[in-house]
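Read through the structure below, which is laid out as structure tokens, and then see the notes.
The values are calculated or read from the model by the stated rules, or taken from the named source; none is laboratory data. As the structure is a computational prediction, the values presented were derived from the model and not from experiment. Cβ atoms come from the backbone with ideal geometry, glycine included; neighbour counts cover every protein chain shown.
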């Protein structure tokens with residue numbers, strides 16, 4: 001989530017995974033505004049749909065958002081990046097909380113390219 005060119009990174013992951021290989025990503029949940037601990041996924045003065053780099057001192061002035069900033073992307077952007085890279089989504093996990101703060105994505109590289117039949 002704090003990588004400028006996340007598309008290139010996900011494509012690289014898909015390239016280096018062996019067929020059938022697994023990839024797990026954990027990130028601050030992109031859909032929820034977070035809490036006073038500074039885990040907000042998007043800038044407090046802009047909305048969810050506003051993707052891009054941001055910093056904020058409105059959440060925890062000692063937190064990570066003021067010091068290193070973040071790149072906000074919508075949930076659909078993340079999921080489509082995985083799909084476009086040829087990875088298959090296997091599971092999405094939101095650890096239990098009143099409002100989910102984290103999203104875990106489990107994806108794998110198919111054993112056969114899309115559209116090809118699997119051998120028995």
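Could you tell me whether region 64-78 includes any residue that is modelled with pLDDT of 95 or more, under 25 Å from residue 106 (Cα atoms) and part of a loop (DSSP other than H, G, I, E, B)?
No; the residues of region 64-78 include none that is modelled with pLDDT of 95 or more, under 25 Å from residue 106 (Cα atoms) and part of a loop (DSSP other than H, G, I, E, B).
Loosely packed, with under 14 Cβ neighbours inside 10 Å and either at pLDDT 95 or above or closer than 19 Å to residue 90 by Cβ (or both) - does that describe any residue in region 24-38?
Yes, region 24-38 contains a residue that is loosely packed, with under 14 Cβ neighbours inside 10 Å and either at pLDDT 95 or above or closer than 19 Å to residue 90 by Cβ (or both).
In the list 53, 82, which residue meets the criterion of being part of a helix (DSSP H, G or I), in contact with a strand residue (DSSP E or B) (Cβ under 9 Å, 6 or more places away or on another chain) and modelled with pLDDT of 80 or more?
Going through 53, 82 in turn, just one is part of a helix (DSSP H, G or I), in contact with a strand residue (DSSP E or B) (Cβ under 9 Å, 6 or more places away or on another chain) and modelled with pLDDT of 80 or more: 82.
Could you please give the count of residues in region 1-18 that are in contact with a strand residue (DSSP E or B) (Cβ under 9 Å, 6 or more places away or on another chain) and modelled with pLDDT of 80 or more?
7
How many of the residues in region 85-105 are in contact with a strand residue (DSSP E or B) (Cβ under 7 Å, 6 or more places away or on another chain) and exposed (fewer than 14 other Cβ atoms within 10 Å of the Cβ)?
Total meeting the criteria: 7.
(1) modelled with pLDDT of 85 or more; (2) within 15 Å of residue 2 (Cα to Cα); (3) surrounded by 12 or more Cβ atoms within 10 Å (Cβ to Cβ): which one isn't true of residue 111, the others all being true?
Only one criterion in (1) modelled with pLDDT of 85 or more; (2) within 15 Å of residue 2 (Cα to Cα); (3) surrounded by 12 or more Cβ atoms within 10 Å (Cβ to Cβ) is unmet by residue 111, namely (2).
Of the residues 119, 96, only one is modelled with pLDDT of 85 or more, more than 24 Å from residue 5 (Cβ to Cβ) and in a loop (DSSP other than H, G, I, E, B); which?
96
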